[in-house]
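Below is one structure, written out as structure tokens; comments come after it.
The values are calculated or read from the model by the stated rules, or taken from the named source; none is laboratory data. All values derive from a computational prediction rather than experimental measurement. Quick reminder, even Gly has a Cβ in these numbers, built from the backbone with ideal geometry, and neighbours come from all protein chains shown.
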Amino acid sequence: MEFLLIPLGIAAAYALGSLRVLNQYERGVMFLLGKYTGTRGPGLTFVPLLLSRMRTVSLRIVALDIPPQDVITRDNISVKVNAVLYFRVAHPELAVLEIQDYLYATAQLAQTTLLSVLGQVELDELLADRRKVNNLLKEIIDEKTDFWGVEISAVEIKDVLLPETMRRAIARQAEAERERRAKIINAQGELQASETLAEAARVLQTQPASLQLRYLQTVTEIAAENNSTTIFPLPMDLIKPFIERAASALGGAAAGATPNPTSIQSPASRALPEGAPPGVGTAARAPRSAERDSGSDPKDV
């Protein structure tokens, strides 16, 4: 009996040493004497010592950080882009048999694909339509890693680092775009206001009394302020008849006050009697002028 206990003890130790426990998210790829024999599921698994070997592969999603890459876009702008890759192992046997280290290979493939894809897009598309770029990266990487048993869940671009000069240019462009929108909105507002004013003018034109009511309402609003100087604009249609009447009156008075050149007569000619000869008045003035020339006084004669 003692001789049987020793082999039984050795067999029990060998059996206990060959037991393996796999978690729910793990799978075991079995090799018997170096040959693939199958994939074991979660739970208690028997792996014979010295004869078999098992590689454990996790099926959970792995978040792989892609370091910043210097990328030149299609419009020749140099940027730095980093991203994150989400993937999981769908076929553990392929991840073990087809590639040596699927984690390292997937990381390198993601970096090279990021450089090649972003070099074919423009900067505006990279900034404005990231979802499209992410889907394109996912399709390309997933197609290449399908032979490794790796399934790509998502590829997300985290940050795009622009040069300082490019940031200032984009800021100026955004400012100019907002100014353009503001001017367009202001012009549209003025257009709508002018259309409304034109419609109001047409309504007031059909009802003359409403214009007077509007005028009185404006006066009431102005009178609410105590210390103010009020200037009342008067329509030209109200004072135009008075201006025309005053202008006609001034024109008639000016026409009556203008003298006739033919009716102007000299004092001498007015002093002559009717029927006197033309030279009489001249001769009568001649002695008086001669006396002035000689310097004598008529009183001394």
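Residues in the range 89-132 that are crowded, with 17+ Cβ neighbours inside 10 Å and more than 29 Å from Ser58 (Cβ to Cβ): Leu118, Val121, Leu123, Leu126. Please verify whether the range 24-43 includes one or more residues that are part of a strand (DSSP E or B), under 50 Å from the mean Cα position of the chain (by Cα) and either over 27 Å from Phe147 (Cβ atoms) or acidic (Asp, Glu) (or both). There is no residue in the range 24-43 that is part of a strand (DSSP E or B), under 50 Å from the mean Cα position of the chain (by Cα) and either over 27 Å from Phe147 (Cβ atoms) or acidic (Asp, Glu) (or both). Between Arg40, Arg88, the distinction of being charged (D, E, K, R) and assigned by TED's automatic domain parsing to the domain that holds Glu151 belongs to Arg88 only. Suppose the filter is assigned to a helix (DSSP H, G or I), surrounded by 14 or more Cβ atoms within 10 Å (Cβ to Cβ) and of a type in the set (Val, Ile, Thr); does Ile140 pass it? It is true that Ile140 is assigned to a helix (DSSP H, G or I), surrounded by 14 or more Cβ atoms within 10 Å (Cβ to Cβ) and of a type in the set (Val, Ile, Thr). Of everything in the range 30-53 that is of a type outside the set (Val, Ile, Thr) and closer than 10 Å to Ser18 by Cβ, the residue that is surrounded by the most Cβ atoms within 10 Å (Cβ to Cβ) is Ser52.
Candidates Ala90, Ala105, Ala128: the one that is touching a Gly at 6+ places or on another chain (Cβ under 8 Å) and not polar (S, T, N, Q) is Ala90. Within the range 17-34, identify whether any single residue is hydrophobic (A, V, I, L, M, F, W, C), assigned by TED's automatic domain parsing to the domain that holds Tyr104 and closer than 22 Å to Gln100 by Cα, and answer yes or no. Within the range 17-34, not a single residue is hydrophobic (A, V, I, L, M, F, W, C), assigned by TED's automatic domain parsing to the domain that holds Tyr104 and closer than 22 Å to Gln100 by Cα. Restricting the search to the range 92-132, which residues are closer than 17 Å to Leu162 by Cα and assigned to a helix (DSSP H, G or I)? Scanning the range 92-132 gives Leu114, Leu115, Leu118, Leu123, Asp124, Glu125, Leu126, Leu127, Ala128, Arg130.
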